[in-house]
Each structure stands twice: as structure tokens, then as C-alpha cells.
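Structure first, then comments.
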Amino acid sequence: MRHGRLVVSSVRIAAGLFVLLVGVMAFAVAMGPGRNATYAAASESAAVLMLATCSALVAAGLATSFGRRSVGPGDLAVLVGLAWAAAPLVGWSQGPPAVRAGALVVSLLTVPLILHLVAAGDPGRRPVVRSTVVLAYAVTSAVTVVQTLFRDPYVDQTCFANCSVNPFLIHSFPDLVRAVEVAQQWFLASLGLLLIGLSSARLARGPRPARRQTAPIAVPAVAVGVVVVVRSLVTLARPVEDPSDAVLFTGYVIASATLLALAVGLGMAAVVREARRLALSRFVTVLAGVPAAGALEAALGAAVNDPDLRLGYHLQGGVGGLVDARGRSVLELRPSRGRHATTLTREGRPIAVINHAGPYSDLEAHLSTSIRLGLENERLQAEELATFEQLRASQERIVEAGDRERRRLERDLHDGAQQRLLALSYDIRVAGAAAAANADTHTALTLERATEVTQEALLDLRELARGIFPAALVDVGLDAALRTLADLAPLPVDVWVDDARARGPAAVESAVYFAVLEAVQDARLRRATQVRVTVGQERDLLVVEVKDDGQQRISMPTALTDRVGALRGVVISGAGVCRMEIPCA
């Protein structure tokens, strides 16, 4: 692979040197003796501007294509430089006819090459743009064939540069040639409009980072498109394209300046690309230690200057989906307007998807093996966190289901068995009163004892229902439920709740109540004589502290830790102190 890249780079450098040689030759021809009716020969400044434009395009093209194996905007920039430098050779009166004819063919490709260059730099280019580029080459090829085979310079009244013998002439068709030239100018104007629209759309769409990256190329491209349209319309209005015409010459100078600006923009993009590559290489330093969850995403966003960069990891083992570095599920990171999704792979397996601002489409090529290894390590960590999150969510669902069942049982006991016992107690009292009225003392005493047993059963039933789930927790709130718990506790319990009127999520209040119940029971088992419960708010946490004077605690009750842990809370225990912190959100 390295040898292949070396060969490609060598070919590109050789092509660039060849184009520079053509540019120097064109400059020499423009400034040399003899007739040369071209814009570069009109003044020394125009010739210098032509050579500078050609050199800038070659330099920017080589810088842009550095490290690439496929054909891209950089190679097209070198070809645009060749086409721009070939124009003065068309008017080389003392040059070989074949060279002049070849220079004419190459110079006719200038606008299609520019359009192709701008379109190739847009990763999200649409099929209609690609089809138009192909059509531009096809139309230019047809024009070239007509001019090469059927144009006789001696009968061409609009001839201004290559007016010598055409060695490839088959038959002269001046009317056909003129009609094709007029159609070509209209077609060039349409290509200029397309160039303006394509570049303007790239400037208008997408987030600010994408537009900022696109501007150095898109702005000059808009200017080039305007110049192409204006020059085509002015050429149609002139009977002969005379370089000495001030309007036409000014148009050539402006066209050279806009192409020079386009080359500078390409060079700036290449510099930014290299800076990003270096930033990505320095990104390895983040992997030196054990980065915190999300640190790689932040560092990668800083490396490519995209604060909105998002990184999603592929889960393996049949879990599927994408998660962030903390194991939380994220929406599929699809390409959107002005943003692109790059899938990173390692050993043929997709490990992550990066959603980033365009047009940095070759992001994956600049990620070294060490960076991929670091991303793979964070992916494994994210997978573990995702598994833990699923287990925690399952635990939370189990606890919630248990609370729902407790509430249902408490409601059924209150509305069912308790009401029937109350009705039975009432009936027994009525029967006892009737027996006393009939002087049936034995029956009255028996019914009186039945009433007492029924009352005791009713009290036991109420106590059972209250133990299953306190109705006060739902009806009044946590403060009232804890105070009821303190009243019924087997040892003195002091309760203090900050902002007792505030209500929290039902799951949180339920967890606190039963956790305090477990803590009080644990204190009783450790022979405590008193317990103090405080409940307060710290930022977004509900903090509960249970202090007692009992013996040393060996371990926390499992039911307590499960309750708090199911809601992402933590339990901190010390000498006679149990502190619980539960998120309220």
C-alpha cells in the first residue's frame, strides 16, 4: 500500500511539473516575438497573471491531493491550471500546428473542469450535478470534434487566435462551426449559472462550521461562475473576440483573478485539512491515560473544530443500536443537512459512527490504529455501561411493580376485607342489642365478645394494610407518612423534613419511606434507643440521613440498598449514620 501511494504521489508531482512547464512555455510564447492574438499576449501583466494562476492551481492541487490515492479536487485543479495555460499556445503563430490544435482542445475544457472541481469538493453532491458534469464534457467534446474536423481558419471571419492551417480539416462548414460556437457560449453561460447555484447552496446550507469550511472555495467559485456568464454573453454580443477589446480584456483579467482566488481557497482548505490531520495525530495523547466517559468525543470534536460532533458506538453481542460513551441509547446518527455520518471500522467491524460537519469526508482515513484502538476500548466500556443500565432499569421496573402491587393489596384490604369486617362488627352490635333487649344475657355476652374479637381483627387488618403500603404516603405526602411511621415505631424516632409541603416523584417518596423503615428496623436490631431522620434537598438530590445510637453496623440491609440503587441513588454508611442520596429528576 505504501509503495502504491508513493507511485501515485510521484505521478502527481510529475504531472504538476509538466503543467508548470507548459505555463512557463505559454508565458514565453505570449511575451515572445511574432503574432499571438491571445489575452496573455495583450500585456505583460496579463501574462504574469496567467502564469501565477497556473502555478497557484498546480500548487493547490498538489497540496489538496497529498496522501490521496483516488482522483479528487486536487487533480482537477492541476488540470484547470493546464487548461488555463494552454490558451496562449493556441495563438502561437510559429508553433507546430498539432500543438496549437491540442492547446485549443485543452483550453475548451476549462469551464467543465472548474465545474467538476467544485462539484467534486461537495460530498453530498446530487445525481443531477454529476449528470451535468458528464454532459459538460460530452458537449465540449462534440464542439472540439466540430472545430477540429470542419473549421477552416481562412474562411472563419471570427478567427482571433489560431488562424493558420488546420491540419485536421476534413471539409469546411463555416455555418455549422459558427452555429456550434454560438451554442457553446450559451451552454457555457448555463454552466456558469449552475456553478453559481451549486456554490451558493453550499454557502447557504448546513451549520456554521460547515459553511466556514466551505467558504474559501465556494465564494471564489461563485465569482468564477459570474465571470463565465458575463464573458459568454459579452462574447455573443461581439462579432469577433478581440483581446485588444477593453471589455473582453478586463473580463479575462477578472477571470484570472477569480481562478487565482479559487486556487488560494483550495490551498487554505488543504492547510486546514493538514492541521486537522496533525490535530488527530495529537489526539492520541488523550488515550495516554484512562479517559473519562465522553472525553474522546470532546477531544475529537476539538481536533476537527466541530463542537457539535457526536460519537455513537455500535453494540455487539446481539444488543444492537447505538449508545454514547456512558452507555445511554442515542438516535441513529444519520447524515443531515450540512452534516455527515462517518462509520469507523476496525478489523472489518463497525465500531462507531461520527456525525460531523462537512465537508471533512475523509475523516476515517486520518484516524490512526491507536485512535481506533482507543475508540474500541471506549466502545467496550460503553457496552458494559449499557448492560449495567439495562440491569438497573430492570431493577427499577421490578421495584415499581412491587410498589404497584403493594398499593393494590393495601387498596383491596381497605376497600374489601376491612369494609366487610366493619359491616360484620355492626351486625354483631345490632344482634347484641337485640339479645339484651330480650333479656338473653348469655347471647348478649357472647355477641359482645365477638364484637371485641372483630375489633381486634379490624385493628390487625389496618396494621397489616399500613405495613404493606402507607396510605398517607399517597394521600398526604412523605412527611406525614414518616411521622406515622415514627408514631408506630418500637423506639423513639424524631423526624425532620425540609419543606414538608413539597411533593417529589412517587417512586422517590416510596423509596425513601421504605428505606427509612428498613433503617429503623435495623437500628432496633442493633439495640438503638433513639433514631433521628432528616430529609432535605441538595441541588437535584433528595438527601436522607438516619442517625441512631445502636451497636456497630456490620452491613446495610439489602432491601434498603436495592431500593435506593434502583433509582440511581447511593447509600453511604458510617458509625451510627446512614446517608442516602437519590436523584429527584
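The values are calculated or read from the model by the stated rules, or taken from the named source; none is laboratory data. Bear in mind the structure is a predicted one, so any value in this text is a computation, not a measurement. In this analysis, Cβ positions are derived from the backbone assuming ideal geometry, glycine residues included, and neighbour counts consider all displayed protein chains. Accessible surface is based on the protein model in full, side chains and every heavy atom, while ligands, DNA and RNA are left aside. Shrake-Rupley method; radii C 1.70, N 1.55, O 1.52, S 1.80 Å.
Structure notes:
- Ranking of 53, 144 by solvent-accessible surface, largest first: 144, 53 (1.4 Å probe, protein heavy atoms only, all chains present).
- Each peptide among 170-182, 84-96, 224-236 gets the average number of other Cβ atoms lying within 10 Å of its residues, and from highest to lowest they stand as 84-96, 224-236, 170-182.
- In this simple spin-label approximation, residue 271 and residue 521 carry label points 7 Å from Cα along the Cα→Cβ vector, and these lie 7.3 nm apart.
- Applying 1/(1 + (r/R0)^6) with R0 = 35 Å to the Cβ-Cβ distance of residue 476 and residue 570 gives a FRET efficiency near 0.80.
- Net charge of neighbours whose Cβ lies under 14 Å from the Cβ of residue 250, counting Lys and Arg as +1 and Asp and Glu as -1: -1
- Environment charge at residue 492 (Cβ cut-off 12 Å; Lys +1, Arg +1, Asp -1, Glu -1): -2
- In this view, the solvent-accessible surface of residue 25, computed with a 1.4 Å probe and all protein chains in place, comes to about 80 Å².
- Sequentially through the stretch 58-64, phi angles give Karplus couplings (6.51, -1.76, 1.60; θ = phi - 60°) of 5, 4, 5, x, 5, 5, 6 Hz, Gly and Pro residues having no value and appearing as x.
- Cα-projected label distance for residue 237 with residue 494, points at 7 Å along beta-carbon direction, nm: 9.7
- Environment charge at residue 301 (Cβ cut-off 9 Å; Lys +1, Arg +1, Asp -1, Glu -1): -2
- If the chain linking residue 530 and residue 341 were pulled fully straight, counting 0.36 nm for each residue of separation and taking away their Cα-Cα distance, it would gain 61.9 nm.
- Extension gain, residue 549 back to residue 94 (0.36 nm per residue minus Cα-Cα distance, nm): 152.6 nm
- Applying 1/(1 + (r/R0)^6) with r as the Cβ-Cβ distance of residue 44 and residue 308 and R0 = 35 angstrom yields a FRET efficiency of 0.10.
- Förster radius 35 Å - calculated FRET efficiency between residue 204 and residue 538 (Cβ-Cβ, nearest 0.05): 0.15
- For the stretch 510-570, the extents of the C-alpha atoms along the principal axes are 34, 21, 18 Å, listed from largest to smallest.
- Two-site label geometry, residue 149 and residue 426: point separation in nm, points 7 Å out along Cα→Cβ: 11.1
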